[in-house]
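Notes to accompany the following structure.
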Amino acid sequence: MVVGNDPVDSQEITHSDLLDSEGLGLPERLRLSNGGFSTEEPHSALEQNATTATIPAEQQGDSTDWQDNANWATESTQRFRRQIFTGIAIAGGLLLVAILVMWSLSDSASQSTVAKNPAAAPNDGLENPPRPLEDTPAAEPSSNTPDDASQNVPSPLIPDGDETEQADPGTTNDTISPPPDSVPPTPGSVIPAELMPMDVLGGEDGGSPTTPPAATPGVVPEQSDEPAADPLTDLPPELASFVNLLDLPGNAPDAPPVTPGIAPADDLVVDQAADAMLDPMLLATPPPDVNIDNALKFKVAIQTAGYPLTSFVLVCSELTQVPIQVDWFTLDLAGIPILQKVDDPQPGWKAIGDLMDAIAAGIGMEFEQEKTRLLLTLTIAEAQAKLKTVVNTDDFGVEQESAKTLVDRIANDPRWNEREQLNLRALVTDCLRIARGIDPQLPEPALAHWTARADGLLTMKAAANSPLEVFAEQWPLLEGGQSGPQLDTAITLAGLLRQTAQANQVACIVNWDDARQRRLTPGQLVLPYANQPAGQMLAKTLAPMGLQVRTADAKHWWVGTAATYDRMPLLVIGDEMGPRRDEILQRIRDAAARTDTLIFIEHDPVSDRYLAMMPRFLYRQLPTILRPFS
C-alpha cells in the first residue's frame with residue numbers, strides 16, 4: 001500500500017503502534033498504557049498514515065533504534081534478564097573469593113612446612129641474601145659470554161671452604177645411599193652463618209653465630225651416655241646470678257626455701273589436744289556485756305544456817321547473772337577448803353555486792369572485778385602468808401642454792417603475774433622436795449590435783465601383749481551420783497549445778513570462761529530429765545553446750561570443756577634419766593613442738609630427774625613418747 005510518495009509497510013505500522021508515544025512525538029491521546037497497547041478505539045489505517053506523513057523526514061531518520069530488541073522486550077522479561085546477570089556476577093565473585101582463600105591457605109601451609117624444615121627449603125637466590133663481600137671470593141674479569149660468566153659466579157649460600165666436586169659420569173659411587181626416609185640436606189639448603197641468631201647461653205663464644213650440627217651434610221652428631229644437663233644448675237655464669245636471687249633449689253625450682261633444722265624422730269607420734277569445737281556463729285555474735293556495777297546493787301536477804309562456799313558463789317551468779325570464777329588453784333595451794341560454810345555476819349536486806357564483800361573478807365578472800373566476770377581469790381598478802389613456809393628452801397640443806405636456781409628458772413618467767421609466780425614457785429619447790437626425797441609441805445589434795453609422777457617409764461619392762469600406752473585420766477568424767485527429784489519447771493544452769501552438787505555433798509567449780517564463749521550465762525534455763533544417775537543427767541543436759549563434768553576427787557567436780565581440760569597445766573616429776581638424759585629431754589621437747597605446745601622442762605642435777613610443766617594431754621602420752629628409752 002502506498003500513501004503519498006513513501007511506501008509504508010503494514011508491519012512497520014504495527015511496530016510503530018507498539019513504540020512509546022513520547023519517543024515518536026505522537027499526540028497525547030495516542031499515548032500507550034497497559035504494556036504498550038492503546039486503550040482507545042483503534043483508528044483507521046488512513047489516519048495512521050496521515051499522521052506518519054506529517055512527521056518530517058529529519059525526525060524519522062533520528063528514531064532508527066525503534067527496532068532494537070530492548071524496545072520490544074516487556075518489563076517482566078527485562079527484570080528476568082537483570083536477575084540472571086546479577087546471579088552470574090555474584091557466583092563469579094564467590095568463585096573468585098574461594099580461589100583466593102584456597103591459594104592463601106596453601107601458601108601459608110607451604111611456608112610453615114619450610115619453617116619447620118629449613119634444611120629442605122628450595123634454593124632460591126632471590127629470597128636468600130648474598131654473603132658479605134669479605135666472605136665471597138671476588139669474581140675475576142673474563143671475556144666470556146654472559147652464559148659462561150653466569151657459570152663462574154659462586155653460590156652465595158655455600159659456606160667458605162665448601163666446594164662441590166663434579167664426579168665423572170663414568171665413575172661409580174661406592175657409598176651407600178641413605179634410606180628414602182632420611183634425605184640429607186643439599187648444599188644449597190645450608191643456612192648461612194650470619195643469619196643464625198646469637199647464642200646467649202654459649203658463654204664466651206656465644207657472641208659468634210654458629211651453624212647447627214644438622215646443617216652440615218654427611219655429619220652425624222655424636223651420641224653421649226651422660227645424662228642431660230640440668231637447665232637450672234648448669235647455667236653459664238652470666239645467668240647464675242639470677243638463680244641465686246630467686247633462691248631456687250636446682251632439683252625443685254617450685255619448692256619453697258627450706259631452712260635446715262633439727263627434725264624430731266620419725267617414730268614419734270603425738271595426739272593433739274581436744275578441739276574446742278566452737279560454733280563460728282558464736283564467734284560472730286559474742287555475748288552481751290553485763291553491767292557488773294548495776295548487777296551488784298540488787299538487794300537480797302539471806303536467812304540460812306550457812307551455804308558451802310561454792311554454793312554461795314553459784315547463788316550470787318544466779319541472782320546477778322554475772323559469772324563468778326573461783327580461783328581454785330590458789331585456794332587449793334593455800335589449804336583453804338572451798339566446801340567450808342559461809343554465812344552473813346549481819347543478816348538483813350542489803351546489796352548483794354556488800355554481802356559478797358563481807359563474806360569474802362571474813363575468810364581472807366576478795367572479789368576482783370574484771371571486764372566480764374568476778375574472780376574470788378586470796379589477797380596477795382594472804383597468799384604470801386599461807387605459802388611462806390612452802391617457798392622457803394632452808395630444808396634443802398647444802399643443795400639450797402641449786403634448788404633456788406632451778407625454781408627461779410621456771411617460776412620467774414615474765415608471762416606470769418605476781419600471784420601466778422607465787423603459786424608456781426610454791427608448787428615447783430614442793431615437787432623438787434619430792435624429787436630429792438624431802439617431805440613435801442603442800443596439802444596432799446593440792447599435790448594430787450596439780451602434780452603427777454612419771455616414775456618407772458625408763459625402767460618399764462611391760463609385757464609384750466599389754467604395753468602401757470597412756471596414763472589414765474586424772475580427772476575422769478562423772479558417771480554416778482544422785483540426780484535428785486524430777487523438776488516440773490525450768491531451772492537456771494547455775495541452780496541445777498548447785499542443787500545437784502548439794503545432793504551429792506560435793507563442791508562444783510564452774511569454768512565460766514568456757515560457758516561464756518558459748519553464750520551461756522548463769523541464768524540459762526534448762527529442764528533436765530532426772531530419772532537417771534547424776535553423771536548421765538548432767539552429760540545429756542550440758543552436751544549441746546559443749547560442757548563436761550569431771551571428778552577431780554570424791555569431793556570436787558569441775559565443769560568445763562574437754563579442750564580446756566587437756567590444756568590445763570600439770571607439774572610432772574620424771575624418772576632418773578641416766579647417761580641418755582639429753583636425748584630424753586630433747587624427745588619430750590620434740591613431742592611438745594609437734595603439738596605446738598609451750599612447756600617448761602628442767603633437769604635437776606642432784607636427783608637426775610626432770611621437772612616439767614606441761615599440759616595434761618601431753619602427760620598422758622609420756623609412756624609412748626619415752627618408749628624407746630625403756
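The values are calculated or read from the model by the stated rules, or taken from the named source; none is laboratory data. Being a predicted model, the structure only gives us computed values, none of them experimental. As a convention, Cβ positions derive from the backbone with ideal geometry for all residues, glycine included, and neighbour counts pool all protein chains shown. Side chains included, ligands, DNA and RNA excluded: accessible areas come from the protein's heavy atoms. Shrake-Rupley method; radii C 1.70, N 1.55, O 1.52, S 1.80 Å.
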*Has segment 514-531 got at least one residue that is buried (at least 21 other Cβ atoms within 10 Å of the Cβ), in a helix (DSSP H, G or I) and of a type outside the set (Lys, Arg)?*
yes
*When segment 431-455 is examined, which residues are found to be within 22 Å of Leu618 (Cα to Cα) and touching a Ser or Thr at 6+ places or on another chain (Cβ under 9 Å)?*
Cys431, Leu432, Ile434, Ala435
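Taking Leu477 as the residue in question, decide whether it is touching a strand residue (DSSP E or B) at 6+ places or on another chain (Cβ under 9 Å) and open to solvent by 60 Å² or more (accessible area, probe 1.4 Å).
Criteria met by Leu477.
For (1) under 56 Å from the mean Cα position of the chain (by Cα); (2) over 30 Å from Ile438 (Cα atoms); (3) open to solvent by 20 Å² or more (accessible area, probe 1.4 Å); (4) modelled with pLDDT under 95, each residue gets a yes or a no:
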{"site": "Trp349", "(1), (2), (3), (4)": "no, yes, yes, yes"}
{"site": "Glu366", "(1), (2), (3), (4)": "yes, yes, yes, yes"}
{"site": "Glu370", "(1), (2), (3), (4)": "yes, yes, yes, yes"}
{"site": "Asp408", "(1), (2), (3), (4)": "yes, no, yes, yes"}
*Evaluate segment 303-312: report whether one residue or more is touching a residue at least 60 places away in the same chain (Cβ under 8 Å) and not hydroxyl-bearing (Ser, Thr, Tyr).*
yes
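Taking the stated definitions as given, is Tyr619 of a type outside the set (A, V, I, L, M) and open to solvent by 10 Å² or more (accessible area, probe 1.4 Å)?
On the way: of a type outside the set (A, V, I, L, M): yes; open to solvent by 10 Å² or more (accessible area, probe 1.4 Å): yes.
Yes.
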*Assess whether Asn69 counts as being modelled with pLDDT under 70, open to solvent by 90 Å² or more (accessible area, probe 1.4 Å) and among the polar types (S, T, N, Q).*
yes
*Specify the residue that is nearest to Phe329 (Cα to Cα); the eligible residues are those in segment 587-609 that are assigned to a helix (DSSP H, G or I) and without any contact (Cβ under 8 Å) to a residue 40 or more places away in the chain.*
Ala592
_Scan segment 591-610 and tell me whether some residue there is open to solvent by less than 10 Å² (accessible area, probe 1.4 Å), within 32 Å of the chain's Cα centre (by Cα) and more than 24 Å from Glu444 (Cβ to Cβ)._
yes
*Go through segment 530-545 and give me each residue that's in contact with a Pro (Cβ under 9 Å, 6 or more places away or on another chain) and not polar (S, T, N, Q).*
Ala530, Met537, Leu538, Lys540
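Residues checked against (1) under 49 Å from the mean Cα position of the chain (by Cα); (2) open to solvent by 60 Å² or more (accessible area, probe 1.4 Å):
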site	(1), (2)
Leu283	yes, yes
Leu296	no, no
Val300	no, no
Tyr307	no, no
Val313	yes, no
Asp327	yes, no
Pro337	no, yes
*Across segment 544-565, what is the total count of residues that are closer than 19 Å to Gln499 by Cβ, outside any strand (DSSP E or B) and under 39 Å from the mean Cα position of the chain (by Cα)?*
2
